[in-house]
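The values are calculated or read from the model by the stated rules, or taken from the named source; none is laboratory data. Worth saying up front: this structure is predicted, and the values here are computed from it rather than measured. Please note: Cβ atoms are built from the backbone with ideal geometry, for glycine as well, and neighbour counts cover all protein chains shown.
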Amino acid sequence: MIRLNNIKKLDEQLNVTSKTDIDIIYSDLNIDLKTQFTFQNQLYHSLNRKDLVLSYNEEAIKNSLKTLFTTTQGQKILNPEYGMNLMQFLFYPVDYYYAQSIGETILASIQLYEPRITVTNINVYPNEEKSEYEINIYYTLPAFSDTVVNKPFSFLGKLTQTGFVYSE
């Protein structure tokens, strides 16, 4: 097991700051692009319209993390640097050295592309028999009106031979 305990030190090197404004509300499209009926009370508009479902606060941030983990660099045309290049580790031996490198890559990417969360711990477990890594990320969110302050959240997944797989 690899633990990144010096996260605060890396934060200081990268000059990462976090916001703690209670009025911040995040929204994002649902990652599955689900649709639902909405109701509008405007003159000359139909009462029922089908629209995309939005995710809010914690769910929006979790969707953003899923997108970050499953997007490779160069895949997003308008932001070619966005994403994690975890696929590069699939061609190396599964061991503790590369587990440490995976953890550092994840931390740097989250701090760069998802500054809304504060990462408290990253654990990367190499499984040589299955040729995969189990990845556990623990983080806190800014305080929303509907959440407990500094409530810990987790993001779990595996880096397998086919790529990153999110675990619910």
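Listing for the model above:
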quantity: Pairs with Cβ under 7 Å, 6+ apart, first in the range 115-140 and in contact (Cβ under 8 Å) with a residue 12 or more places away in the chain, second part of a strand (DSSP E or B) and among the charged types (D, E, K, R); calculated: 121/3; 123/3; 125/134; 127/134; 132/158; 133/158; 134/158; 135/158
quantity: From the options 27, 64, 55, residue that is surrounded by 12 or more Cβ atoms within 10 Å (Cβ to Cβ), farther than 30 Å from residue 131 by Cβ and modelled with pLDDT of 55 or more; calculated: 55
quantity: Residue 82 vs. criteria part of a loop (DSSP other than H, G, I, E, B), at negative phi, modelled with pLDDT of 85 or more and surrounded by 15 or more Cβ atoms within 10 Å (Cβ to Cβ); calculated: yes
quantity: Residue match in the range 110-122 (condition: surrounded by fewer than 14 Cβ atoms within 10 Å (Cβ to Cβ), outside any helix (DSSP H, G or I) and modelled with pLDDT under 90); calculated: yes
quantity: Qualifying residue in the range 87-101 (condition: more than 21 Å from residue 163 (Cα to Cα), in contact with a helix residue (DSSP H, G or I) (Cβ under 9 Å, 6 or more places away or on another chain), at pLDDT below 90 and not aromatic (Phe, Trp, Tyr)); calculated: no
